[in-house]
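The structure appears right after this line, and notes come after that.
The values are calculated or read from the model by the stated rules, or taken from the named source; none is laboratory data. Since the structure is predicted, the reported quantities are computational estimates derived from the model, not experimental observations. Counting neighbours? That spans all protein chains shown, and the Cβs are built from the backbone with ideal geometry, glycine included. To get the accessible areas, we keep the full protein, side chains included, count just its heavy atoms, and leave off ligands, DNA and RNA. Shrake-Rupley method; radii C 1.70, N 1.55, O 1.52, S 1.80 Å.
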Amino acid sequence: MSSRTSGVVLSIVAPLVLFVLLAVLWQWAAATFKSVLPPIQDIVMDIADRPDFYLTNLGVTVEAALLGFAIGVGAALLLGAAIVHFTFLRSAIMPVALLLNVTPIVAIAPALVVAFGFNQIPHIIVAALSAFFPTLINSITGLRAIDPQALEVFDAMAANRREIFFRLRVPASLPFLFAGARLSVTAAMVGAVVSEFTGSSKGIGAVIVMATTYLNLPQMWAAIFFSAITTLILLGLVGLAERLIVRW
Amino acid sequence: MSSRTSGVVLSIVAPLVLFVLLAVLWQWAAATFKSVLPPIQDIVMDIADRPDFYLTNLGVTVEAALLGFAIGVGAALLLGAAIVHFTFLRSAIMPVALLLNVTPIVAIAPALVVAFGFNQIPHIIVAALSAFFPTLINSITGLRAIDPQALEVFDAMAANRREIFFRLRVPASLPFLFAGARLSVTAAMVGAVVSEFTGSSKGIGAVIVMATTYLNLPQMWAAIFFSAITTLILLGLVGLAERLIVRW
Amino acid sequence: MAPATATSTIELTGVGRTYTRGKKTVQALTGVDLTIRQGEFITLFGPSGCGKSTLLRLIAGLDTQTTGDISVFGTTPKQASGRKDIAWIPQSSALLPWLDIKRNASLSSVINKRADRSGATTRKPEDAVDILNEIGLADFLESRPEQLSGGMRQRASIARGFAQGAPLMLMDEPFSALDELTRDTLRLRLLELWDRHKKTIVFVTHSAQEAVLLSDRVVVMSPRPGRIRQVVDIDFPRPRSWELVETPEFVAKVAEVKQILWSAWEGDE
Amino acid sequence: MAPATATSTIELTGVGRTYTRGKKTVQALTGVDLTIRQGEFITLFGPSGCGKSTLLRLIAGLDTQTTGDISVFGTTPKQASGRKDIAWIPQSSALLPWLDIKRNASLSSVINKRADRSGATTRKPEDAVDILNEIGLADFLESRPEQLSGGMRQRASIARGFAQGAPLMLMDEPFSALDELTRDTLRLRLLELWDRHKKTIVFVTHSAQEAVLLSDRVVVMSPRPGRIRQVVDIDFPRPRSWELVETPEFVAKVAEVKQILWSAWEGDE
Amino acid sequence: SSSSADTPPATAGGSDLISAERCAENQAAGPITFLTSFGFVASAGLLDVVTAADKGFFKDLCLDVTLEPGSNNTQLVSAGTAQFAGVGSPSDVLVAIDNGADVSGIATYGNTVAITLMTMADGDVKSLSDLAGKTVGYKGAIPPQISAMIAEEGVDPTSINWVNVGYDPTILPQGQVQALTGYKSNEPLALKAQGYDVKEWDPADYGVKSAFNTQIVNNTFAEEHPTAVEDFLRASLHAYDWINESDANLDEALGYAEKRSESGFDKEASLARWQTEVSLIDESQPADLPIGGENAAQWQPEADMLLEYGLIKQKADVDAAIDDSFVQKIYDGNDLIWPAP
Ligand SMILES: Nc1ncnc2c1ncn2[C@@H]1O[C@H](COP(=O)(O)OP(=O)(O)OP(=O)(O)O)[C@@H](O)[C@H]1O
Ligand SMILES: Nc1ncnc2c1ncn2[C@@H]1O[C@H](COP(=O)(O)OP(=O)(O)OP(=O)(O)O)[C@@H](O)[C@H]1O
Ligand SMILES: Cc1ncc(C[n+]2csc(CCO)c2C)c(N)n1
Ligand SMILES: [Mg+2]
Ligand SMILES: [Mg+2]
């Protein structure tokens, strides 16, 4: 019992100690090197001053990120399912997907604004492209990660493809899909924020750019902070969903 | 034999067909919508015209990416090893590492330039920060992924920590480390390119910014192309190293 | 329960299976002639790599022979499996971890329902819960597989096979992953079920003792290439129990079966 | 080869081990009194969960008892393992996949070298290659584990144990993952090695037959809480061979050992 | 938003400020996007557009104008994603057109160099020739005006370690760069406001001729909706005049920019910025050109400079890059025609 308690204490105290250390380091840097980092209290005060400003812009970003996440993950799931069933699709799609994965998507964000205009579409596309690859990889791995002996049981009953897919592959792939979703939701948020660096006057990315334009360091770091915290919350939600759904 | 041959043909033809389709789509878009995409031949000609320009800048980026990769992966390996041995370090470091992972590192790149000046350091740092997390996660997983029965054999011989680490944990973790390295090398390249958007006049990222400023679309896409291809080559090298080292 | 088809036997004539991998060919099975009678408990016995699993998979329609013919109840194996006339019980329990034991055991009721609706079936699905009761899992209907011991999981897997109501059950080393004591109990449980439900069972094992204890006939096989060495009749009266194992006749029969194996096969494992 | 220490026996007095997980406590082992003689082949036999592995791990110093005393050659288990006086042979072969068979078998030569240099050891490492030859792996010295069959891997694992030169070998179900035929051969191989190298062996098994075939004494254990039920002497002459298994005396001894188990234990697996 | 006191109130679907026929033509142009080039700063060609939008001048002329903070402006306008944009100088237009952009410069506010080079007054750089081997910061692309100035002093521009920098000018006093390019109206003022003593090297003093703050239009749009282009310029130049009418007006205009910036807008710095740019414009305005007016003579020096520094591949056709027809139509001499015909 005592070792468990000390474990819990440790897992709270240890990161706190590190965070306090990092905060002290931050404050020292903020005091010593002007214009590099703002003092933490300035960030806190800025957030306290106008929470609505941040929350409104955060809402815009989260909307783009979640829509992009849904689209990217949806496409990845469909393609993953198709690839598992038709081998030639794998050879066709994987090189393109790989190429997409190694492309700095941020660099093509401006081109997307040119193509789709000043609305949420380019940011949603960037979020979707960012979210696509991790889920694709994980869905392919997951849909294949079936117990071959279980597959034999299905085959011996003359189960058709649909039955094998929905009663065997899909449930078996869920732990992998959630691992992919965790990567994808992070990528979608970062993608949405970064794509808002151009072609948007709303959203956390735009707030960051505005802050750079006017050298408003507290605003910049407050925005980065909101983006990071939100991603953590989204990660938590994915984890919660996993715990509710994957109970085995 | 014939099914093997047709498999090989398929794995070459299928992606080619898709690439040709995408190229046709690209050309149509380039011809129809002005200034959205450049025609492919313009990109090719620009590269043919001044390969040195691209290769020199690519060299700068690859140098930053590889240095950052080495530092980020090195730090991740050290921390991973430390975490495996001292549990409290895990509780301390993981939350910070997680926070780092959900921060849009691109957004803090300008602050790093302010802090470290106009040299390769900020770009190396961004590459290192980007490379850090995937290897950290994979090294922790890998260093723990030892056969518990093998560990008992070591313990029964009264092997010390050093022996268990180097003769058991390290080799057992190699497949995981290479999986992490693959993610890290991609992240390092993308990080280096994107961080060069500010604070540099050399490197692929700077070439992209220059191209945007002057509306030099062929240059922009040529730069993106070089960055993607280089990442693919680096991925190939990691794969090669893995095949040479992990032979079991 | 008597199958409605013209023939209730499984006939194998000149069955062979060759695997090709690159330029290498492996003759996994060659010249297998065998007739399996309705209601029989027949065991395939032999060392690793002698083609036991290959033969069982051919009968199940999970794989196709390269030479020879296989008839299962007068049709091809694939047609028989299309009627759900074949229940497959694998080595690992291969339960679905996301379903409770009851749903796992009644898996066949949600798969290939067309076979259930077509009148021509020789098969009548049985109530999974009844069989789980018979096999001693009455208290674990709502449990998930991970909450059960290895032996209990294997019972659930066997229950799943019986619940399918197929006249033919194929079992590929269903007990080999279990510890010996658990195995001992499950062997007798299986004999009880078989006795009550009158299935034809083709059973694969590495254990001569298990083969002799369970079977009407033991098919002794040998490898490289995989083929039938001899078919040994086992005439001990049924129902059989642990007392039988201690009789000299039983010990002698086990020795005889092993002897066929050793004489056929010069490898050292 | 005779140990240089004052006592060559392993003594257990009132040994118990309780596991605590959260608020639940499991008494894995209680009141174990046992003296293991030098050069003896002793087997721990019992159903799953009766504490066989726990007991073996306590003797190896891999775990620490919550009550009682254990002395291995006059010292604590941990001190004995510090001298590399204990060789551990696990259930899976647990070979290192990145080393070839020769390097795997000679693992002890690169681990804990201090023990090799201190003169006070009761142990003399043996040449791994010699033992690999004895156990029939002469042709596979340069092979990697993945290239070998399960039985061959298990032999390499046993060779690794013998090469350590420890006077005490602890084996936790080393054959249970193998198929029965492979097992049969390895059992005899192990007896040959033991005969030649004069080790003390504590062997865990689920198989009554295996226990009776191999041992000088069988320790029959029962679970909840794990404890010793009875220690059965096995007096069959050595060297033992397969002929022994077919004798009525052997069959009766196996039945006797099983009977102790069944009488002690009311569960059904 | 209501119209200001000196203009009659607008009526639905148009106003007294424009004929119904012209109003219909402007409305046919549909929604119009104008891209600022640097947030919503108080720059000429930008603050006036913001004011025209927020005071309803565009609406009065039946134009539906949305403002977006730009980035890759020439690309966005060339593609037709946006119809108008402000860019730093004619150079930006010429380079973009050299790269195939389908845009034209339709108005240029300043007729001198807006760009400057800053060093620390107490720093190592005592003359431009000291720059060899030093680190010099720029934004996005090295301004040819600075290259020309340096070359004029006999310094090889390639001997300088050029670095693309962010928006923070304090890297100069902090020593990360020894010189920094910027806008006369912005960075030097910002640094001086923070108490730093910076020295400016004005390319104009070295004979460099240039212009600044050019508005561009998408050529197809301009062809299809010439009146909309005219009235876009009319409304923004009207706003320019209105802002300069009084301090109160300027203050109101800065308020609009501040509101659009949401946060971080420094009103004091912006005021100084606007005043600096207006005085640069007034000082350099040729007598024969109205505010915003263009001609080839104004652009030619930059075109020559670009060719010299290899920023364009072929000699620029300045006449084709400029479309001064719109400015000409909205002026009577140097007087803006208001209201619209
Ligand atoms: N899919 C396959 N591809 C290639 N060779 C195969 C395949 N399946 C089986 N073999 C080969 O066929 C032979 C017989 O294999 P099979 O699995 O039927 O043996 P088995 O008697 O079931 O052995 P075990 O007792 O180990 O299960 C072996 O040599 C094996 O390597
Ligand atoms: N680390 C542990 N933590 C908690 N309980 C444990 C632990 N190890 C063993 N036990 C419990 O102790 C009891 C004995 O376990 P042990 O592994 O010794 O049995 P065993 O006889 O080796 O069984 P098997 O034949 O399955 O290997 C079991 O009830 C088990 O659940
Ligand atoms: C730091 C800074 N960066 C860019 C500009 C250029 N600029 C600002 S507004 C505008 C639009 C003119 O039509 C232009 C070109 C500047 N003045 N200051
Ligand atoms: Mg098999
Ligand atoms: Mg055990």
- request: Assess whether A:Val102 counts as being closer than 23 Å to A:Phe197 by Cα and within 14 Å of chain B (Cβ to nearest Cβ).
  value: yes
task: Give C:Arg21, C:Arg17 a once-over and let me know the one that is away from chain A (no Cβ under 12 Å) and either farther than 24 Å from C:His206 by Cβ or surrounded by fewer than 17 Cβ atoms within 10 Å (Cβ to Cβ) (or both).
output: C:Arg21
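Any idea which residue in the range D:206-250 is farthest from ligand 3 (Cβ to nearest atom), counting only those that are of a type in the set (Asp, Glu) and within 14 Å of chain C (Cβ to nearest Cβ)? Spell out the reasoning first.
Keep residues of the range D:206-250 that are of a type in the set (Asp, Glu), which gives D:210, D:216, D:233, D:235, D:243, D:246, D:249.
Applying the additional criterion that residues be within 14 Å of chain C (Cβ to nearest Cβ) yields D:210, D:243, D:246, D:249.
On the way: D:Glu210: 85, D:Glu243: 98, D:Glu246: 98, D:Glu249: 101 Å.
By that ranking, first place goes to D:Glu249.
Can you tell me which residue among D:Asp63, D:Asp33 is within 16 Å of ligand 5 (Cβ to nearest atom) and under 19 Å from the mean Cα position of the chain (by Cα)?
Values: D:Asp33 fails: within 16 Å of ligand 5 (Cβ to nearest atom).
Just one listed residue meets the conditions, D:Asp63.
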message: Please determine whether any residue of the range B:150-172 is more than 14 Å from chain D (Cβ to nearest Cβ) and in contact with a Phe, Trp or Tyr (Cβ under 6 Å, 6 or more places away or on another chain).
response: no
- line: Of those in the range D:37-65 that are open to solvent by 10 Å² or more (accessible area, probe 1.4 Å) and of a type in the set (Val, Ile, Thr), the residue nearest to ligand 4 (Cβ to nearest atom) is D:Thr54
query: Looking at the range E:122-145, is at least one residue in contact (Cβ under 8 Å) with a residue 40 or more places away in the chain, more than 16 Å from ligand 1 (Cβ to nearest atom), assigned to a helix (DSSP H, G or I) and under 30 Å from A:Ala211 (Cα atoms)?
result: yes
- request: Report, by residue number, each residue of the range A:181-214 that is more than 14 Å from chain E (Cβ to nearest Cβ), among the hydrophobic types (A, V, I, L, M, F, W, C) and open to solvent by 20 Å² or more (accessible area, probe 1.4 Å).
  value: A:Leu183, A:Ala187, A:Val190
query: What are the residues in the range A:34-44 that are farther than 17 Å from A:Ile229 by Cβ and either surrounded by fewer than 14 Cβ atoms within 10 Å (Cβ to Cβ) or of a type in the set (Asp, Glu) (or both), if any?
result: A:Gln41, A:Asp42
query: Restricted to the range C:158-184, and to residues that are at pLDDT 95 or above and within 8 Å of another protein chain (Cβ to nearest Cβ), which residue is surrounded by the fewest Cβ atoms within 10 Å (Cβ to Cβ)?
result: C:Leu170
- line: Matching residues in the range C:136-150 (within 13 Å of chain D (Cβ to nearest Cβ) and either open to solvent by 30 Å² or more (accessible area, probe 1.4 Å) or within 17 Å of the chain's Cα centre (by Cα) (or both)) number 6
statement: Conditions (1) open to solvent by less than 60 Å² (accessible area, probe 1.4 Å); (2) within 13 Å of another protein chain (Cβ to nearest Cβ); (3) closer than 30 Å to B:Ser130 by Cα -> B:Phe69 fails only (2)
query: Counting just the residues of the range C:71-89 that are in contact with a strand residue (DSSP E or B) (Cβ under 6 Å, 6 or more places away or on another chain) and more than 16 Å from C:Ser118 (Cβ to Cβ), which one comes out surrounded by the fewest Cβ atoms within 10 Å (Cβ to Cβ)?
result: C:Ser71
- request: With respect to B:Glu152, determine if the residue is at negative phi and open to solvent by 20 Å² or more (accessible area, probe 1.4 Å).
  value: yes
- line: By my count, helices (runs of 4 or more DSSP H) wholly in the range E:38-108 with at least 1 residues that are more than 10 Å from every other protein chain (Cβ to nearest Cβ) are E:47-54, E:57-60, E:90-98
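Within 13 Å of chain D (Cβ to nearest Cβ), surrounded by fewer than 24 Cβ atoms within 10 Å (Cβ to Cβ) and more than 16 Å from ligand 4 (Cβ to nearest atom): which single residue out of C:Arg187, C:Arg155 fits that description?
On the way: C:Arg155 fails: surrounded by fewer than 24 Cβ atoms within 10 Å (Cβ to Cβ).
Just a single option satisfies the conditions, and that option is C:Arg187.
Quick one: in the range A:118-149, of everything that is free of Cβ contacts under 8 Å to residues at least 24 places away in the same chain and away from chain C (no Cβ under 14 Å), which residue is most open to solvent (accessible area, probe 1.4 Å)? Step through it out loud before you land on a result.
First, pick out the residues of the range A:118-149 that are free of Cβ contacts under 8 Å to residues at least 24 places away in the same chain: A:119, A:121, A:148-149.
When the remaining residues are screened for being away from chain C (no Cβ under 14 Å), the result is A:119, A:121.
Values: A:Asn119: 63, A:Ile121: 81 Å².
Looking at residues that are free of Cβ contacts under 8 Å to residues at least 24 places away in the same chain and away from chain C (no Cβ under 14 Å), I get A:Ile121.
State whether one or more residues within the range C:44-51 are touching a residue at least 24 places away in the same chain (Cβ under 8 Å) and away from ligand 1 (no atom under 11 Å from the Cβ). Even if it seems obvious, please write down each step before you answer.
Let us first name the residues in the range C:44-51 that are touching a residue at least 24 places away in the same chain (Cβ under 8 Å), namely C:44-51.
Next, only the ones that are away from ligand 1 (no atom under 11 Å from the Cβ) stay: none.
No, the range C:44-51 contains no residue that is touching a residue at least 24 places away in the same chain (Cβ under 8 Å) and away from ligand 1 (no atom under 11 Å from the Cβ).
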query: Taking B:Ser227 and the conditions (1) open to solvent by 10 Å² or more (accessible area, probe 1.4 Å); (2) out of contact with any strand residue (DSSP E or B) (no Cβ under 7 Å at 6 or more places or on another chain), which numbered condition does it fall short on, given that it satisfies the others?
result: (1)
- request: Kindly list, by first and then second residue, each pair from a residue in the range D:191-210 that is under 19 Å from D:Ala255 (Cα atoms) to a residue that is among the hydroxyl-bearing types (Ser, Thr, Tyr) and open to solvent by 10 Å² or more (accessible area, probe 1.4 Å), limited to pairs with Cβ atoms under 8 Å and residues at least 6 apart or on different chains.
  value: D:Val204/D:Ser53; D:Thr205/D:Ser176; D:His206/D:Ser48; D:His206/D:Ser176; D:Ser207/D:Ser176
Condition check for A:Ala30: farther than 19 Å from A:Ala228 by Cα, more than 10 Å from chain B (Cβ to nearest Cβ) and assigned to a helix (DSSP H, G or I): yes
- request: Residue by residue through the range C:206-245, note down the ones that are in contact with a strand residue (DSSP E or B) (Cβ under 6 Å, 6 or more places away or on another chain), within 16 Å of ligand 1 (Cβ to nearest atom) and open to solvent by less than 20 Å² (accessible area, probe 1.4 Å).
  value: C:Ala211, C:Val218, C:Val219, C:Val220, C:Met221, C:Ser222, C:Gly226
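Among the residues in the range A:171-180, are any more than 19 Å from the chain's Cα centre (by Cα) and buried (at least 22 other Cβ atoms within 10 Å of the Cβ)?
Our first condition is that a residue be more than 19 Å from the chain's Cα centre (by Cα); within the range A:171-180, this holds for A:171-173.
In the following step, the residues that additionally are buried (at least 22 other Cβ atoms within 10 Å of the Cβ) were identified as A:173.
Scanning the range A:171-180 turns up at least one residue that is more than 19 Å from the chain's Cα centre (by Cα) and buried (at least 22 other Cβ atoms within 10 Å of the Cβ).
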message: Among the numbered criteria (1) under 18 Å from the mean Cα position of the chain (by Cα); (2) farther than 28 Å from E:Thr74 by Cα; (3) more than 9 Å from every other protein chain (Cβ to nearest Cβ); (4) of a type in the set (A, V, I, L, M, F, W, C), which one does B:Leu58 miss?
response: (2)
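Being among the charged types (D, E, K, R) and under 21 Å from D:Arg183 (Cα atoms) is the filter here; which residues of the range C:170-208 pass it?
Of all residues in the range C:170-208, those among the charged types (D, E, K, R) come to C:172-173, C:179-180, C:183-184, C:187, C:189, C:192, C:195-196, C:198-199.
Those that are among the charged types (D, E, K, R) and under 21 Å from D:Arg183 (Cα atoms): C:Asp172, C:Glu173, C:Asp179, C:Glu180, C:Arg183, C:Asp184, C:Arg187.
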